[in-house]
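The values are calculated or read from the model by the stated rules, or taken from the named source; none is laboratory data. Note that this is a predicted model, so its numbers are computed, not measured. Backbone-built Cβ (ideal geometry, glycine too); neighbour counts: all protein chains shown. When the accessible area is computed, the model is the full protein with side chains, heavy atoms only, and any ligands, DNA or RNA have been set aside. Shrake-Rupley method; radii C 1.70, N 1.55, O 1.52, S 1.80 Å.
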Amino acid sequence: DGGITQSPKYLFRKEGQNVTLSCEQNLNHDAMYWYRQDPGQGLRLIYYSQIVNDFQKGDIAEGYSVSREKKESFPLTVTSAQKNPTAFYLCASSPIGGLEQYFGPGTRLTVT
Amino acid sequence: ELKVEQNPLFLSMQEGKNYTIYCNYSTTSDRLYWYRQDPGKSLESLFVLLSNGAVKQEGRLMASLDTKARLSTLHITAAVHDLSATYFCAVVPMNRDDKIIFGKGTRLHILP
């Protein structure tokens with residue numbers, strides 16, 4: 001089955017620790033995206049990548065880092081510099097110039 | 001800066017009633033998407049609207065796009081409890097296919 005997987009579904013970390021969220025897709029999509037969603041809020045773009053080994057900052061990139069070493073994978077690292085990391089993180093992918101984005105199931109990160 | 005505004009942000013309605021959610025955007029676009037999100041879940045694509053005057057229907061939901069007015073509507077006919085969810089519109093700015101801008105979402109609660 002083609003789709004986007006994110007792992008883990010729930011993640012708990014202590015403040016000050018870096019944490020990496022996984023996103024994998026087998027849709028052969030060129031573009032991948034990371035969004036953050038806070039309770040009762042819309043989606044805010046963190047980073048996106050349209051091609052392997054290249055990525056761009058979104059609207060709220062501070063405190064986050066990404067890599068795109070493979071077309072299928074776009075991991076997001078939430079660093080200790082992110083002031084308020086507790087949120088629901090969604091990964092998405094789309095073909096370049098494609099009609100829509102396809103979303104993974106999300107990872108809920110809680111930092112205490 | 002492109003802004004996407006949804007109205008209302010929260011709607012509580014009785015089963016069997018009709019209602020409309022509005023999505024206004026601030027710049028030229030010819031691509032608009034509607035997504036549904038259930039609590040704690042990811043986003044599910046509902047409609048892709050690609051041209052002025054586009055109308056799409058699926059069950060009790062109908063979406064339309066007026067690019068001249070920069071307005072899309074999502075109309076709910078004879079609402080049922082299963083339609084309770086948060087609905088997002090999202091817009092791709094003209095001549096840019098690398099970013100999609102989401103509205104804050106409309107949280108729809110349908111009372112039995």
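Leaving out ligands and nucleic acids, note down the accessible area per residue over the protein assembly as shown with a 1.4 angstrom probe, in whole Å². Intermediate results must be reported in sequence, preceding the final value.
On the way: 11170 Å² over 224 residues.
Solvent-accessible surface per residue comes out at 50 Å².
Go through segment B:99-108 residue by residue and turn each phi into a ³J(HN,Hα) via Karplus (6.51, -1.76, 1.60, θ = phi - 60°); whole Hz please, and just put x for glycine and proline.
Coupling constants for segment B:99-108: 9, 10, 10, 9, x, 6, x, 10, 8, 9 Hz.
Distance in nm between label sites at A:T5 and B:K41, each 7 Å beyond Cα in the beta-carbon direction?
2.1 nm
If you place +1 on the Cβ of every Lys and Arg, -1 on the Cβ of every Asp and Glu, and leave all else neutral, what size is the dipole of the protein assembly as shown about its Cα centre, to the nearest 20 Debye?
On the way: 24 positive and 22 negative charges, 88 e Å.
Here the size comes out at about 420 debye.
Can you compute 3J(HN,Hα) from phi for each residue in segment A:3-17, using the Karplus curve 6.51 cos²θ - 1.76 cosθ + 1.60 with θ = phi - 60°, rounded to whole Hz and x for Gly and Pro?
With the stated coefficients, segment A:3-17 comes to x, 10, 10, 10, 9, x, 6, 10, 9, 10, 9, 7, 4, x, 9 Hz.
Considering only segment A:4-112, what is the antiparallel percent among its DSSP beta bridges, to the nearest 5? Don't skip to the end; give the middle numbers.
Values: 33 of 37 bridges.
The antiparallel proportion sits near 90 percent.
For the protein assembly as shown, what proportion of DSSP beta bridges, expressed in % and rounded to the nearest 5, is antiparallel?
On the way: 72 of 81 bridges.
DSSP beta bridges in the protein assembly as shown are roughly 90 percent antiparallel.
State the extension gain, in nm to one decimal, for the chain segment bounded by B:N18 and B:L111, taking 0.36 nm per residue of separation less the distance between their alpha-carbons. Walk me through the numbers before you get to the answer.
Values: separation 93, 0.36 × 93 = 33.48 nm, distance 1.28 nm.
Value of the extension gain: 32.2 nm.
Please name whichever of A:Q50, A:G104, B:Y25 sits farthest to the positive end of the charge dipole of the protein assembly as shown, dipole taken about the Cα centre and charges placed at Cβ: Lys and Arg +1, Asp and Glu -1.
B:Y25
Starting at the first residue of segment B:68-78, write each ³J(HN,Hα) from the Karplus equation 6.51 cos²θ - 1.76 cosθ + 1.60 with θ = phi - 60°, in whole Hz, x for Gly and Pro.
Whole-Hz 3J(HN,Hα) from phi for segment B:68-78: 6, 7, 6, 9, 10, 10, 10, 9, 10, 10, 6.
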